[in-house]
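For reference, the structure is listed below as structure tokens.
The values are calculated or read from the model by the stated rules, or taken from the named source; none is laboratory data. Just so we're clear, the structure is a prediction, and the values are computed from it rather than from any experiment. Cβ placement follows ideal geometry from the backbone for every residue including glycine, while neighbour counts extend to all protein chains displayed. When the accessible area is computed, the model is the full protein with side chains, heavy atoms only, and any ligands, DNA or RNA have been set aside. Shrake-Rupley method; radii C 1.70, N 1.55, O 1.52, S 1.80 Å.
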Number of protein chains: 2
Amino acid sequence: MSLFEKHKNILNKAINALHERTFFAAYPEHPSPTIYGESADEDGRKKFQSSVGKKFDELKQSGAAGWVGVEESPYMQEPLNIQYPSVSADTLIENAKKAFHQWRKTDVQDRAGILVESLERVKARFFEVAYATMHTTGQGYMMAFQASGPHAADRALEAIAAGYEELSRFPQGVIWDKPMGKYNIKLDKEWRAVPKGIGLVIGCSTFPTWNSVPGIYASLITGNPVIVKPHPGAVLPIAIFIAEIQNVLSDNGLDPNICQLAVDTYDKMISKELAEHPDVKIIDFTGNSEFGSYLERLEGKAVFTEKTGVNSVILDAVDDVDKVAANLAFSVTLYSGQMCTAPQNFYIPENGINTPNGRVSFDEFAQKLVDNINGLVDNPKAGPFVLGTIQNKNTCSRVDKAKEIGGKVWLESRSIENPMFKNARISTPVIIEVDATDKEKFSKELFGPIALLIKTKDTNASIALAKEMALKYGAISCGAYTTDPGVKEKIADEMALAATPVSFNLVGGIYMNQNAGFSDFHVTGGNPAGNASFTNPEYVIKRFTWVGHREPAKV
Amino acid sequence: MSLFEKHKNILNKAINALHERTFFAAYPEHPSPTIYGESADEDGRKKFQSSVGKKFDELKQSGAAGWVGVEESPYMQEPLNIQYPSVSADTLIENAKKAFHQWRKTDVQDRAGILVESLERVKARFFEVAYATMHTTGQGYMMAFQASGPHAADRALEAIAAGYEELSRFPQGVIWDKPMGKYNIKLDKEWRAVPKGIGLVIGCSTFPTWNSVPGIYASLITGNPVIVKPHPGAVLPIAIFIAEIQNVLSDNGLDPNICQLAVDTYDKMISKELAEHPDVKIIDFTGNSEFGSYLERLEGKAVFTEKTGVNSVILDAVDDVDKVAANLAFSVTLYSGQMCTAPQNFYIPENGINTPNGRVSFDEFAQKLVDNINGLVDNPKAGPFVLGTIQNKNTCSRVDKAKEIGGKVWLESRSIENPMFKNARISTPVIIEVDATDKEKFSKELFGPIALLIKTKDTNASIALAKEMALKYGAISCGAYTTDPGVKEKIADEMALAATPVSFNLVGGIYMNQNAGFSDFHVTGGNPAGNASFTNPEYVIKRFTWVGHREPAKV
């Protein structure tokens, strides 16, 4: 049975899910022993631990000139000393160019089968990926498992499904039969979906697989070889994916260089050299706005970015203010605000928030938010695990200096102890009040656990500011709380014009930070936060070109 | 009955045709009295003649500051003196911004109904459009009728169909129901296809409707208001389309400024002012490479271009060399080589072309091509009508100077008489032999009736040159003649990598210049000729943004 036959069912389900957009997951998000096996967690942890201090020798790619690796664990604040093959940009490009022709001539069904098979193999390593993610990104265990394992695999499957569908949308060939009156002109036409060329995927330090696998799999399913350049600080999780892709390629007689890992170090980054190379035709990037915008300006390339944004919460009227404060406190605290979807700017009218029991004042709400954050952070069974750690030391410095923004400090950042990792790098959220007139204070992304409570004239002013921030500085998510259908539609309409998805009235166990594969589009373009657009048709279409040939039909 | 109900059938047929890609045409290309009415031609001619020297007062758009118009007829070499409303760039933008909200909130079915209705109304004016096209572009009557009337309307319908389909590909809303073990999380999700903003369509002088209506209708169906800036030399054909669009908008209580005509003059062009305006988010352009590449570099806009290209013909082996020479002679002569799909560079091996009767030498083939061109040009019943006229005086000068390229002149350009227009601007094709080593001579577009016969080492060298030209300078079409399946696949594969569609072995009444709506993609990107991509999904998807909102479901 071919790999396509083996995985046809899951592929068809995934294509249906893309269009139904109801809940679908091929990879269960619960790290349960009944799903993944009794010893899966323990085995994964041991496998990760055994990688530390060693060479990562699983890759089948060629041309390494040495070994490099500078990851360190934010939980231990110690180097992991894992070494990866170091391959020069020139060699990576040459390898990819050679692999290109074999891969583009591989039938799309075979490509799909191979790619789904690689995800199935990674599934057996989800726990190892989870520990690798914890000790590079600083995420808590649950997030590290879900985001880097099943959620990432589902996003990858989504990209495979979208690419497979798009490549199948037009016939491979037809007889074109045009009546001309006394005779017909008959042409034999064929269409080829021609891959653009080498794809480059540049990863980030906080979500090394979730943000990278969609681009990797989208470029691969459309026939392009891929070079994956992870953030130097977060290599291992994606290296495991790539090792399994290379294994399946190799098992099927294909060149493992179809998907290569390109590890570099902070002092000698190779991103620019790769990105500017004329043979690199597709770039997927997650990271800072400056580098992302530079990539977007490169000519003759299809560039997909997820850059920074200023995410807003608009507070107008709520049913249960305590549930709202609890929900938002969790959103601010989750992975210490290091998610691209985390809220930063909270717009609260100076007259307060409407509730069924009358108005809750600005100050009352601020205090409730603070109390909920403290309650969460100080709960030893929740705080350390929800917060995770701070991936990058510089984020801690920025949090420390947040007070200098000016304005009432409702909550100072501090550290707490993680019971398992005494040396974990932790900064709890800092909450600062600023006035809507001090626009420069909140007109930028403040990455990490920093939230601003912005006092506005009224909800219309809040909406206008949230829209302006999104249009000028980008936004990836927005939270809004209102019980008035007119206000709701105004927020929905204005934020839609700013290309920002809105989560309305979330309470309980669902948060504006969360984003579900096969249902929520992610960064669809239209504001400066980027155009990654997991996974709408544009995301895959721009990776290949339709070319049609024709000749007189042999009748 | 709504306009959507009225036109639902044609829309569904068009959507099916997009995917079947067999022959489909909603608007018959034959200018037959039995189809279009006994007096349609005569009425159209009279209507055109009555426009000459007058104000074009059909438009319903607002804010004109005066009247301008500098068209002249290449058949008469006299000004037409037709005057159009002159509207400043600022007023055009303000009008469009106001109209935007009404149009984006118009249901996509209503938009589709309105747009198809406008085509049905233009159908009644196809002959008027034909004469307007003849006397601005210089095309022959048959081409002017077909390209500007039915073929353009079919391309417009194709864009409406592609947009309508794409906007319907995802649900407007669903309940997302995620099992969490002991309970379910239910979210009420909705998706909005948010139009990007103002669309600007910049037309060319040779195909004022065929090259412009796809962009106009693609932007309109996806909810964007459109400003159409025609070439100053070819306004009337597209003005008629816009007048009918405005009529249908107005009849349906909508702002006619949803689609505005922006006429300028050579000494005061407003293209840049419009293109650079921050509210202009989509640009469609047909014209020269320099301006097209400038537009492509504008940030934050979706830009679709059709620029110049160097189209090749690869001659390897033929069944009937005379039929091939006749076919290619017609391709070179048709509209005096002023089509974006016309052949320019003919690659012929120094050892000649294989035929069932032995080799035809380079010189023999050259002479056959020359003889066929002369036979066509000198036939008073064919020559003037196939050639049409030269749209732009500068093209004549370039043709006159073509001899200076250097190399044997196989055929000199001359003028012939058009029996109906004594003053018609005519230059017949010039044919020059150059050697493959003189690459700089054929490494650029030589617009107009200029063909180069390039002597190559062999067919492999021909393929390599055709591919190199396409990759470096762009190509929109390619002709190839071979009887060897291996050579054919090599050409198909190499030219596909250069994103160039190949017409193989065309003889008889079908030419490489021709391009059929609903079947042949046009300029799909991947080489420097542009990315107009009539009409693949990318062409419509980039004109709007998917935005999803969600809230807890009210169970």
All positions within the stretch A:521-555 that are of a type in the set (D, E, K, R) and farther than 17 Å from A:Ala218 by Cα: A:Arg550, A:Glu551, A:Lys554
Being crowded, with 21+ Cβ neighbours inside 10 Å, farther than 30 Å from B:Asn418 by Cα and of a type in the set (S, T, N, Q), is that true of even one residue in the stretch B:89-100? yes
Suppose we filter B:Met495, B:Met512 for residues that are of a type in the set (A, V, I, L, M), touching a residue at least 40 places away in the same chain (Cβ under 8 Å) and within 11 Å of chain A (Cβ to nearest Cβ); which single one remains? B:Met512
Failed condition for B:Phe442, given (1) open to solvent by less than 10 Å² (accessible area, probe 1.4 Å); (2) aromatic (Phe, Trp, Tyr); (3) within 20 Å of B:Val386 (Cα to Cα): (3)
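Would you mind stating whether A:Gly548 is at pLDDT below 95 and either in contact with a strand residue (DSSP E or B) (Cβ under 8 Å, 6 or more places away or on another chain) or hydrophobic (A, V, I, L, M, F, W, C) (or both)?
Judged against the criteria, A:Gly548 is not a match.
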Might you let me know whether the stretch A:167-181 holds any residue that is buried (at least 21 other Cβ atoms within 10 Å of the Cβ), assigned by TED's automatic domain parsing to the domain that holds A:Leu115 and within 33 Å of the chain's Cα centre (by Cα)? yes
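Looking at B:Phe23, B:Phe48, which is the one that is crowded, with 16+ Cβ neighbours inside 10 Å, closer than 28 Å to B:Ser250 by Cβ and among the aromatic types (Phe, Trp, Tyr)? Write out each step before concluding.
Values: B:Phe23 fails: closer than 28 Å to B:Ser250 by Cβ.
It is B:Phe48.
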Of these, B:Ser205, B:Ser250, B:Ser212, which one is touching a His at 6+ places or on another chain (Cβ under 7 Å), farther than 25 Å from A:Leu471 by Cβ and away from chain A (no Cβ under 14 Å)? B:Ser205
Subset of the stretch B:176-186 (residues that are outside any loop (DSSP other than H, G, I, E, B) and more than 7 Å from every other protein chain (Cβ to nearest Cβ)): B:Pro179, B:Asn184, B:Lys186
Expected single match for out of contact with any helix residue (DSSP H, G or I) (no Cβ under 6 Å at 6 or more places or on another chain), more than 30 Å from B:Gly486 (Cα to Cα), polar (S, T, N, Q) and open to solvent by less than 30 Å² (accessible area, probe 1.4 Å) among B:Thr265, B:Thr341 is B:Thr265
Looking at the stretch B:392-418, which of its residues are open to solvent by 70 Å² or more (accessible area, probe 1.4 Å) and in contact (Cβ under 8 Å) with a residue 24 or more places away in the chain? B:Lys393, B:Arg398, B:Asp400, B:Lys403, B:Lys408, B:Glu417
Residues within the stretch B:193-246 that are open to solvent by 10 Å² or more (accessible area, probe 1.4 Å), in a loop (DSSP other than H, G, I, E, B) and either more than 23 Å from B:Lys542 (Cα to Cα) or of a type in the set (A, V, I, L, M, F, W, C) (or both), tallied: 6
When the stretch B:64-87 is checked residue by residue, the ones that are over 27 Å from the mean Cα position of the chain (by Cα) and open to solvent by 40 Å² or more (accessible area, probe 1.4 Å) are B:Ala64, B:Ala65, B:Trp67
Looking for something closer than 30 Å to B:Ala496 by Cβ and either open to solvent by 10 Å² or more (accessible area, probe 1.4 Å) or touching a strand residue (DSSP E or B) at 6+ places or on another chain (Cβ under 9 Å) (or both) - is there at least one such residue anywhere in the stretch A:127-141? no
Restricting attention to the stretch A:468-506, the residues that are part of a loop (DSSP other than H, G, I, E, B), in contact with a helix residue (DSSP H, G or I) (Cβ under 6 Å, 6 or more places away or on another chain) and either at pLDDT below 95 or within 20 Å of A:Phe534 (Cα to Cα) (or both) number exactly 2
Please return the ranges of helices (runs of 4 or more DSSP H) entirely within the stretch B:1-108 where 3 or more residues are more than 14 Å from every other protein chain (Cβ to nearest Cβ). B:3-20, B:40-51, B:89-104
Do the conditions hold for A:Asn252, that is, is it modelled with pLDDT of 95 or more, open to solvent by 70 Å² or more (accessible area, probe 1.4 Å) and under 26 Å from A:Lys123 (Cα atoms)? yes
Got a number for residues in the stretch A:521-548 being in a strand (DSSP E or B), touching a Pro at 6+ places or on another chain (Cβ under 6 Å) and either more than 9 Å from chain B (Cβ to nearest Cβ) or open to solvent by less than 10 Å² (accessible area, probe 1.4 Å) (or both)? 3
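With the requirement that a residue be β-branched (Val, Ile, Thr) and over 12 Å from A:Arg192 (Cβ atoms), what does the stretch B:465-508 give you?
Matches in the stretch B:465-508: B:Ile476, B:Thr482, B:Thr483, B:Val487, B:Ile491, B:Val507.
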From the list B:Ala470, B:Ala475, B:Ala451, B:Ala480, which residue is hydrophobic (A, V, I, L, M, F, W, C), closer than 30 Å to B:Met134 by Cα and either loosely packed, with under 14 Cβ neighbours inside 10 Å or within 14 Å of chain A (Cβ to nearest Cβ) (or both)? B:Ala475
